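Chemist: I have a structure I would like to understand better, so I am pasting it below and will then ask my questions one at a time.
The values are calculated or read from the model by the stated rules, or taken from the named source; none is laboratory data. For clarity, every value in this text was computed on a predicted model and none was experimentally measured. Note that each Cβ is placed from the backbone with ideal geometry, even for glycine, and that neighbours are counted across all protein chains shown. Remember, those area values only see protein heavy atoms, side chains included, never the ligands or the DNA or RNA. Shrake-Rupley method; radii C 1.70, N 1.55, O 1.52, S 1.80 Å.
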Number of protein chains: 2
Amino acid sequence: MRAAMTLLLILTISGCTSPGEPGDQNPLAAMTVPRYTETGELLRPNGVETWVFVGASIGLGYREEEDGAQTESGPGLIHNVQMQPEAYAHYARTGEFPEKTMFALTLYRPKRNESIARQGFFSGDFVALEVALKDSERFNDGWAYFDLGKDRASAAAKPSESCHGCHAAHGGDDNVFVQFYPVLRGLSRVSPGSPPAVP
Amino acid sequence: MRAAMTLLLILTISGCTSPGEPGDQNPLAAMTVPRYTETGELLRPNGVETWVFVGASIGLGYREEEDGAQTESGPGLIHNVQMQPEAYAHYARTGEFPEKTMFALTLYRPKRNESIARQGFFSGDFVALEVALKDSERFNDGWAYFDLGKDRASAAAKPSESCHGCHAAHGGDDNVFVQFYPVLRGLSRVSPGSPPAVP
């Protein structure tokens with residue numbers, strides 16, 4: 001009996017069940033969640049390069065003139081959007097973005113005519129990391145938006161008027177521009193578009 | 001003692017250790033590997049939408065005139081490149097692509113001026129899935145290349161001369177164009193480029 005108790009203890013300590021496996025109580029338990037400084041700034045999240053990728057765009061902008069948008073000298077920055085795997089799985093299962101969902105937007109300068117590339121643009125220098133996150137406990141708008149630049153350790157939320165209004169009015173589903181992200185378009189129950197990205 | 005044995009049995013059957021955790025014998029054991037038809041065609045891989053994303057490009061081509069490359073009427077197709085998480089982790093750890101590494105290239109038609117987009121291009125309709133894979137047991141060149149189109153269930157490897165020669169000659173690391181993928185540029189030990197994508 002003592003041996004059995006010891007094994008049970010080992011099992012408990014080692015956290016045997018993987019997150020998301022059948023029988024797991026809360027598939028979101030292992031999700032990377034936003035962390036804040038004492039003054040309420042968002043700490044730069046780690047490991048976003050392995051988050052689930054939902055779509056890429058280039059030079060995307062919402063006004064006629066915008067930073068990072070298309071200019072006469074080039075097509076604008078390449079934008080990649082990724083989210084935590086657990087938030088993605090939750091959205092696929094329920095059609096809702098769970099609290100603490102984070103979208104990481106990584107921006108790259110377009111580069112051309114290098115190596116054997118003769119047409120088009122690939123992703124050159126890393127420019128900045130931006131984050132959109134859902135944390136209703138902390139933000140009255142429900143969502144907040146951060147520019148962590150190339151290497152800032154933390155950033156304050158942008159003022160409501162600079163991002164939230166547009167996301168709230170035009171985001172296809174819960175403030176998120178799912179209409180621009182093919183992987184989410186195929187999953188959204190509010191704003192369905194084309195079928196899943198890779199049938 | 002019997003209780004302890006029972007628990008050990010449960011532990012063994014349930015495969016307690018997650019792949020990739022310390023103490024695991026083979027972190028590659030859980031990796032999605034290529035599957036082939038009886039005639040040797042590659043079966044369309046499942047689940048590539050959650051593979052690790054390593055880079056996006058637009059209209060990228062290696063000849064002056066190329067399918068999917070930039071044209072007068074638009075910037076060409078958006079290309080997203082993803083690989084199995086276990087192959088990514090192995091490359092990060094060892095600098096080598098393990099056998100059965102697969103790169104999924106998803107192609108999207110660029111779309112503009114929809115919803116609130118006023119500048120640039122986002123990813124519109126899904127066009128095709130292409131795969132590059134490393135399987136030295138099966139292919140003399142080590143790597144092989146497949147066009148699975150929009151919804152083909154399987155595809156034969158392209159002839160050596162249509163892809164392999166160029167990948168072998170110009171791929172920055174082991175036939176892979178790591179020079180175009182910022183996340184891999186930061187990890188490569190052969191062809192190092194810019195620092196990791198998201199510091």
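Chemist: Through the Karplus equation 6.51 cos²θ - 1.76 cosθ + 1.60, θ set to phi - 60°, convert the phi angles of the range A:37-42 into ³J(HN,Hα) values in whole Hz; use x for Gly and Pro.
Modeler: Karplus-based 3J(HN,Hα) across the range A:37-42 equals 6, 4, 8, x, 7, 6 Hz.
Chemist: Per-residue Cβ counts within 10 Å, from other chains only, averaged over B:176-184: what number is that?
Modeler: 4
Chemist: Leaving out same-chain residues fewer than 8 places away, which lysines sit with a Cα under 26 Å from that of residue B:150?
Modeler: Partners within reach: B:100, B:111, B:134, B:158.
Chemist: Using θ = phi - 60° and the Karplus curve 6.51 cos²θ - 1.76 cosθ + 1.60, what whole-Hz ³J(HN,Hα) does each residue of the range A:151-167 get, with Gly and Pro shown as x?
Modeler: 8, 5, 6, 7, 8, 7, 4, 5, x, 3, 6, 7, 9, 4, x, 5, 4
Chemist: If you don't mind, another one. Place the label 7 angstrom along Cα→C-beta at residue B:152 and in each other copy, then list the distances from the first to the rest in nm, shortest first.
Modeler: Spelled out, the distances from residue B:152's label point are 4.7 nm.
Chemist: Also, quick follow-up: To the nearest hundred square angstrom, how large is the accessible surface buried between A and B, total for both chains, probe 1.4 angstrom? It would help to have the intermediate numbers written out before the result.
Modeler: Working: alone 12260 and 12240 Å², together 19600 Å².
Rounded to the nearest hundred, the buried surface is 4900 Å².
Chemist: Separate question: Averaged per residue, what accessible surface does the range A:36-183 expose to a 1.4 Å probe, in Å²?
Modeler: 43 Å²
Chemist: Say a label goes 7 Å from Cα toward Cβ at residue B:39 in every copy; what distances in nm does this one have to the rest, shortest first?
Modeler: 6.7
Chemist: While we're looking at this one, here's another question. Return the long-range amide H neighbours of residue A:124 (sequence gap of 5 or more, or a different chain), with a cut-off of under 5 Å between placed amide H atoms.
Modeler: A:109, A:111
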